[in-house]
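The values are calculated or read from the model by the stated rules, or taken from the named source; none is laboratory data. What you see is a predicted model, and the numbers here were worked out from it, not measured in a lab. Every residue, glycine among them, receives a Cβ derived from its backbone with ideal geometry; neighbour counts consider all protein chains shown.
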Amino acid sequence: MDEIQAHLPEEPNSFIGREQELVELRQLLRRTRALTLCGPGGIGKTRLALRLLTSAAVEFPHGVWFVELADLQQGDLQQADLVAARIAAAMGITEEAGRPLLETLAEALRPRQLLLALDNCEHLLDACAQVGRHLLASAPGLRLLNTSREPLSVAAETIWRVPPLSVAPAGSDPADSDLAASDPASISGGDRFEAVRLFADRAAASRPGFAVGPDNIAAVTSICRALDGMPLAIELAAARVRALSVDQISARLDDRFGLLTGGDRSAAPRQRTLRAAIEWSYELLTVPERALFRRLSVFTGWSLEMAEQVCADEDIRAAEVLGLTAALVDKSLVVLDPEVLGQARYRMLDTIREYAALRLAHAGESAVVRLRLRDYVLRTAEHNLAIGMARIPAPWATRVDVFRRYDVDAGNAARVLNWCLEQGDAEAGLRICLAVSPCWIVWGTFGEGGEWLRSFLALDMSAVPAWVQGAATVVHAQLALPSDPAAASALAAEGLKLCREAADGYWTAVALNLLSEITLHTGRIDEATACADEALAIAQAAGDGWNEGYALGTRAAIAARRGKLREAEQLATASVSVMRRIDQQWGAARALLGLGDLARFRSHPGEAHGWYVEALAILREIGARPEIARCLAGLGRVAMDLGATEQARRHLTRSLRLSHATGARISVARGLEAFAALAGHEGRPEPAVQLAGAASTLRETAGLPPLPGARMEGYLAPARRLGDAAVARLWASGRALTSEAAVALALAGPAPDTPAQPATAGAGQSAAPGAAPDGESPALTVVGSYQVASAPPSSLTLREHQIAELVASGRSNKAIAGELSISHTTAARHVANIMAKLGFNSRTQIAAWIANRAQRPGQAGGPGEPV
C-alpha cells in the first residue's frame, strides 16, 4: 500500500459522503475497461476519483496511478504526445531514442495489471481519446479511469455522471431530520444529507468551534440546497463563516459569484472561485454553444420544443437546437431529466444557470429572450386554458395532460410573472394568471395565486383591457373565498360589474356562478337563485358548457338547501350530463360528489358509495386535493351509517388530515363534526361535545351559518346524562381549542383498551331522509366551490419569521426587499414559502398568526386558530 500511495496525491482534507457511489463505481471498474466520471466543474470528480483509486488499489497488483492534465495547454498540435509524456513521467518510464513515446509507454504497460487515472480531460478530449485507445489496445491488464466535463467518446468507455451531494428536499422540515437531533455531534457522523455534513466539516475547519445544530440547521440546509449540493460551492460558502453568520450567507446567495471567492490558494485557479470553475467550461464551448447556453438560462426547465421556440433566431436556427443541446448535455452544463408526457426534459443546476444568466446580460440579450419566453408562456397557457376548461374540443386525457404540463412548467410561469411584475407589465401578468388559475383552483394553491393577483391588480391598470381587469378580479374572488368570504363577495361583485361593462359573457357567467355560491354559503338563498338562473341563461345562450354545468350544480345545491332532494338529484344529474358532453370530467366528478351526498341523506348507502368511488377515481387523476378530502369524508360517513366504525375512522382520518393540511376552515369544521358523530357512535360523549364546540368556532370564523339546533343536539345528547354543567364545560373547552388541537383530539380516537359503549339513540346519527345535515344543503359539492390546498405546516426559519413580521406590519414584497437588501423575487419566494408552511392563503392570515404568537409567547411554530 505504501508503494501505491506514492502514486496518488495527498487528499487535503476529509472525504465526506459518496458511500453508495463508491460501491457502484468499484463494481463498474470490474466490468469495464474505461470509466469516465463526468460532471460540471466543482461537482467533486477529482476527489471522488482519488477516493476510488485508494479503495480499489488492492485489486491492481501493479498499482494505481493518478495523472493531472489540467495545466497542459489546449491547442498544441502534438497534444497526444504531451499526454503520453505526462503519463510516462508520472510512471517513471523514459523515452527511447528513435521510437515514439506512446509506443514505449504501451510496451511498458503491456504485462502490467494497473489502474490509470487521467484527471481533467475536457480540454484535451481528442488527445486523451487517442492515447486511451492505444494503451487499452496494447495492455489487456489496464483499466482507465478519466475525469472530464465531457465524455471521451471511445469505444470501451462507460460514462458515469457524478451527482451532487444529497440535500434535504425542498419543502422538508430540517427539524424533523437527523440534523436537528438532540445530539448535535450526529451532524459530523452518519447524517443522511451529505451536503450538510460537508458544510459542517469545512466550516468547523474554517472557524474552530462552529457546529451545525438546531439553531442553524434550517439556514445551512437552505444554503446547501441553493448551491445544488455542489461540493466546491459548499466549501467556499463554509469558508465564509469566518466573517458571516449562516443566515447572512444564505441571504447573500443571490450574488453567489461575488460571495463565493477566496478558496484554497494551493488549488488550481479554476477551483478558487465558483465563477472560475464554470468559466473553464464556458471557454471550451463553440460560439453557437455559448449562445444557446446563455439563452437557456431563462428557463427553470424546458423541452426541446420550448428551446426551439424561445432560443432560436437568425444566429441559431431551430434545426440546430437539438444538436447544440446534446453538446451541452455532453459537456455537463445541461442536465437531462426523465421525460414528461413523451418529451425529454432539460434543466441547469441553479449555480450554472446563474452564471449563464450573467453571460446573457453581458451579451445584451436578456430583455429579448425574456420577452420571447413571456410570449411563449402566455400563448401556451391560454391555449391550455381553452383545452382544460373545455372551450375547445378535446378528450379528457388531453385535459388531464394540461394539468400535468403546468405542474412541470410552473417554475417558468413564476419566472415570467416575476419579470412582468418588475416591468409593470400588468396585462401580460394578469392574462397568464387567468390562464393558469384553473390549476391553482384544482390543486388549491390559493396562497400562490392570490398573491400574484393582488400584486398585479395593484399596478397601473390604465392600459389593461376591461375584460382582463374584470376576469382577474373574479379569479381573485375565487382564490379569496376559502379564507375570507366577505372579501370574496365584494371582489366577485366588482368583477361582475367590470365583466358586464366589457360585455364579456363567459366571465360574466363565471362571476354570477361564483356569487351564487357565496350567497348560498352565507344563507342568502334568493340572491343565490337569481345569480344561478342568470348564469345558466347566459351560458346556454352562448353554448358555454362549462358555465352551464357549473350553474346546474349550484341550482342543485339550492334545491337541496330548500329540502327539494328529488329536484336536486335531477339538477345534479343534468350537471353531470353537461360536463360529460363536453368531456370535462373534473366538473362531472364534483357533481357526482353531490349525487353521493344526496343518496346518503336519502338512506341509500350503497348508491352513495358508488358515486363517491366513481368521483374519487377522476379527482385523483388531476390531484384535486380539496375534493378528494370531501370525497373521503363522504365515504367515511357512509361507513359510519353502516356501523363500520373502523373503516369510517380510516376514511375520516385521511380526509381530516388533508383538510387540515390545506387550511380550509369549512372542510376542517365539517371534518370535526364527522368525528363528533363518530365519537357518539363509539359511546364517547365527552370528545363528541368538545369537537362539536370546536367546529362551531370554526364556522363562526369562516362566516358560515351555525348548525341547526336539532343537528347540534345530536352531538350533545349523549353527554346530557353527565349533567348540564358538564356539557357546558365540555362545550366551552371545545370552543377554546385551536384548530390544530381540535384536529389532534379528533385523530386521537378511543384509548386502545377502552371498550366501545353503545351510542345513545339518535346520538350523532345522520339526518333523517330528506333533511340537510347542517342547514346548508346535503353537503352538495357545487362546481366552482373551492378550498385551500398547500403543503402541511412546518417550522419557519429565522429569516422567514423576520419576513412574516414585516408582512404583519403591512409591508409589501418590494418594501421587504428594500429593508432586507434582498431581491424582490427572493422576498416573494419567502412569502410564498411562509404561506405554504403555515397552510395560509393570505397576508392577513400571516398577520393574525404573528399577533396570536405575540399574545402567547413561547408557543411552537405553526398556524394558530384560523382567521
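Taking the condition under 30 Å from Phe403 (Cα atoms) and among the acidic types (Asp, Glu), does Glu646 pass? Taking the combined requirement at face value, the residue does not satisfy it. The one condition from (1) assigned to a helix (DSSP H, G or I); (2) at pLDDT 95 or above that Glu279 does not meet is (2). For Glu713, the criteria (1) more than 40 Å from the chain's Cα centre (by Cα); (2) buried (at least 17 other Cβ atoms within 10 Å of the Cβ) hold in every case but one, which is (2). Can you name every residue in the stretch 676-720 that is small (Gly, Ala, Ser), over 16 Å from Leu652 (Cα atoms), part of a helix (DSSP H, G or I) and in contact with a Pro (Cβ under 7 Å, 6 or more places away or on another chain)? Hits for the stretch 676-720 are Ser696, Ala719.
Hey, any hits in the stretch 679-690 for a residue that's without any contact (Cβ under 8 Å) to a residue 40 or more places away in the chain and crowded, with 20+ Cβ neighbours inside 10 Å?
Within the stretch 679-690, not a single residue is without any contact (Cβ under 8 Å) to a residue 40 or more places away in the chain and crowded, with 20+ Cβ neighbours inside 10 Å.
Hey, does the stretch 160-172 have a residue that's under 23 Å from Ile278 (Cβ atoms), modelled with pLDDT of 90 or more, of a type in the set (A, V, I, L, M, F, W, C) and not in a loop (DSSP other than H, G, I, E, B)? Checking the stretch 160-172: at least one residue is under 23 Å from Ile278 (Cβ atoms), modelled with pLDDT of 90 or more, of a type in the set (A, V, I, L, M, F, W, C) and not in a loop (DSSP other than H, G, I, E, B). The single condition among (1) at pLDDT 90 or above; (2) crowded, with 23+ Cβ neighbours inside 10 Å; (3) over 30 Å from Gln584 (Cα atoms) that Pro718 does not meet is (1). Scanning the stretch 478-507 for residues that are among the acidic types (Asp, Glu) and either within 10 Å of Ala466 (Cα to Cα) or in contact with a strand residue (DSSP E or B) (Cβ under 8 Å, 6 or more places away or on another chain) (or both) yields a count of 2.
Can you tell me which of Arg405, Arg415 is within 28 Å of Ile618 (Cα to Cα) and either surrounded by fewer than 23 Cβ atoms within 10 Å (Cβ to Cβ) or modelled with pLDDT under 90 (or both)?
Numbers: Arg415 fails: within 28 Å of Ile618 (Cα to Cα).
Matching residue, one of Arg405, Arg415: Arg405.
Somewhere in the stretch 665-676, is a residue farther than 22 Å from Leu598 by Cα and touching a residue at least 12 places away in the same chain (Cβ under 8 Å)? Give the derivation first.
If we filter the stretch 665-676 for residues that are farther than 22 Å from Leu598 by Cα, which is where we start, we get 665.
Filter once more, keeping what is touching a residue at least 12 places away in the same chain (Cβ under 8 Å): 665.
Yes.
For the stretch 325-350, how many residues meet the condition of being in contact with a Pro (Cβ under 8 Å, 6 or more places away or on another chain), under 17 Å from Asn412 (Cα atoms) and modelled with pLDDT under 95? Count: 1. Thr554 meets each of the listed conditions (1) more than 29 Å from Pro708 (Cα to Cα); (2) in contact (Cβ under 8 Å) with a residue 60 or more places away in the chain; (3) surrounded by 20 or more Cβ atoms within 10 Å (Cβ to Cβ) apart from (1).
Give the residue that is surrounded by the fewest Cβ atoms within 10 Å (Cβ to Cβ), with candidates limited to residues of the stretch 292-313 that are within 15 Å of Ala363 (Cβ to Cβ) and without any contact (Cβ under 8 Å) to a residue 40 or more places away in the chain. Break it down stepwise before answering.
To start, the set of residues in the stretch 292-313 that are within 15 Å of Ala363 (Cβ to Cβ) comprises 292-298, 311, 313.
Of the ones still in play, those that are also without any contact (Cβ under 8 Å) to a residue 40 or more places away in the chain are 292, 313.
On the way: Leu292: 25, Asp313: 14.
Looking at residues that are within 15 Å of Ala363 (Cβ to Cβ) and without any contact (Cβ under 8 Å) to a residue 40 or more places away in the chain, I get Asp313.
Just one of Cys499, Cys531 is farther than 20 Å from Ile432 by Cα, buried (at least 24 other Cβ atoms within 10 Å of the Cβ), in contact with a helix residue (DSSP H, G or I) (Cβ under 6 Å, 6 or more places away or on another chain) and modelled with pLDDT of 95 or more; which is it? Break it down stepwise before answering.
Details: Cys499 fails: farther than 20 Å from Ile432 by Cα.
So the residue among Cys499, Cys531 that is farther than 20 Å from Ile432 by Cα, buried (at least 24 other Cβ atoms within 10 Å of the Cβ), in contact with a helix residue (DSSP H, G or I) (Cβ under 6 Å, 6 or more places away or on another chain) and modelled with pLDDT of 95 or more is Cys531.
In this entry, Gly470 is excluded by the filter for residues that are within 25 Å of Ile618 (Cα to Cα) and surrounded by 21 or more Cβ atoms within 10 Å (Cβ to Cβ). The listed residues are Arg99, Arg31, Arg18, and the only one of them that is surrounded by 18 or more Cβ atoms within 10 Å (Cβ to Cβ), charged (D, E, K, R) and over 26 Å from Ala327 (Cβ atoms) turns out to be Arg18.
Conditions (1) touching a strand residue (DSSP E or B) at 6+ places or on another chain (Cβ under 7 Å); (2) modelled with pLDDT of 95 or more; (3) crowded, with 24+ Cβ neighbours inside 10 Å; (4) not small (Gly, Ala, Ser), marked per residue:
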| position | (1), (2), (3), (4) |
| --- | --- |
| Ser577 | no, yes, no, no |
| Ile582 | no, yes, no, yes |
| Ala589 | no, yes, yes, no |
| Asp597 | no, no, yes, yes |
| Arg600 | no, no, yes, yes |
| His604 | no, no, no, yes |
| Arg620 | no, no, no, yes |
| Gly623 | no, no, no, no |
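Residues in the stretch 360-380 that are touching a residue at least 40 places away in the same chain (Cβ under 8 Å) and more than 28 Å from the chain's Cα centre (by Cα) were compared, and the one that is surrounded by the most Cβ atoms within 10 Å (Cβ to Cβ) is Glu365. Inspect all residues belonging to the stretch 338-347 and state whether any of them is assigned to a strand (DSSP E or B), under 22 Å from the mean Cα position of the chain (by Cα) and over 22 Å from Ile159 (Cβ atoms). Yes; the residues of the stretch 338-347 include at least one that is assigned to a strand (DSSP E or B), under 22 Å from the mean Cα position of the chain (by Cα) and over 22 Å from Ile159 (Cβ atoms). The set of residues from the stretch 339-355 being hydrophobic (A, V, I, L, M, F, W, C) and under 14 Å from Asp401 (Cβ atoms) comprises Val340, Leu341. Do we have Ile249 as out of contact with any strand residue (DSSP E or B) (no Cβ under 7 Å at 6 or more places or on another chain) and assigned to a loop (DSSP other than H, G, I, E, B) here? For Ile249, the condition - out of contact with any strand residue (DSSP E or B) (no Cβ under 7 Å at 6 or more places or on another chain) and assigned to a loop (DSSP other than H, G, I, E, B) - is not met.
In the stretch 79-88, the count of residues that are in contact with a Lys or Arg (Cβ under 7 Å, 6 or more places away or on another chain) and not aliphatic (A, V, I, L, M) is zero. Screening Ala390, Ala463, Ala381 for residues that are small (Gly, Ala, Ser) and either touching a Ser or Thr at 6+ places or on another chain (Cβ under 9 Å) or part of a helix (DSSP H, G or I) (or both) leaves exactly one candidate, Ala381.
Considering only residues that are under 25 Å from the mean Cα position of the chain (by Cα) and touching a residue at least 24 places away in the same chain (Cβ under 8 Å), look in the stretch 381-395 and name the one that is surrounded by the fewest Cβ atoms within 10 Å (Cβ to Cβ). Applying the filter and picking the extreme gives Glu382.
With in the same structural domain as Val212 (by TED's automatic domain parsing) and acidic (Asp, Glu) as the only criterion, which of Asp254, Asp337 stands out? Write out each step before concluding.
Details: Asp337 fails: in the same structural domain as Val212 (by TED's automatic domain parsing).
Matching residue, one of Asp254, Asp337: Asp254.
Does the stretch 82-90 include one or more residues that are crowded, with 21+ Cβ neighbours inside 10 Å, in a helix (DSSP H, G or I) and basic (Lys, Arg)? No; the residues of the stretch 82-90 include none that is crowded, with 21+ Cβ neighbours inside 10 Å, in a helix (DSSP H, G or I) and basic (Lys, Arg).
Residue by residue, here is whether (1) at pLDDT 90 or above; (2) closer than 17 Å to Leu29 by Cα; (3) not assigned by TED's automatic domain parsing to the domain that holds Thr54 holds:
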{"site": "Ala117", "(1), (2), (3)": "yes, yes, no"}
{"site": "Cys121", "(1), (2), (3)": "yes, no, no"}
{"site": "Val131", "(1), (2), (3)": "yes, no, no"}
{"site": "Ala139", "(1), (2), (3)": "yes, yes, no"}
{"site": "Arg149", "(1), (2), (3)": "yes, no, no"}
{"site": "Val154", "(1), (2), (3)": "no, yes, no"}
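Across the stretch 124-140, the qualifying residues are those that are among the small types (Gly, Ala, Ser) and assigned to a helix (DSSP H, G or I), and the one among them that is nearest to Ala106 (Cα to Cα) is Ser138.
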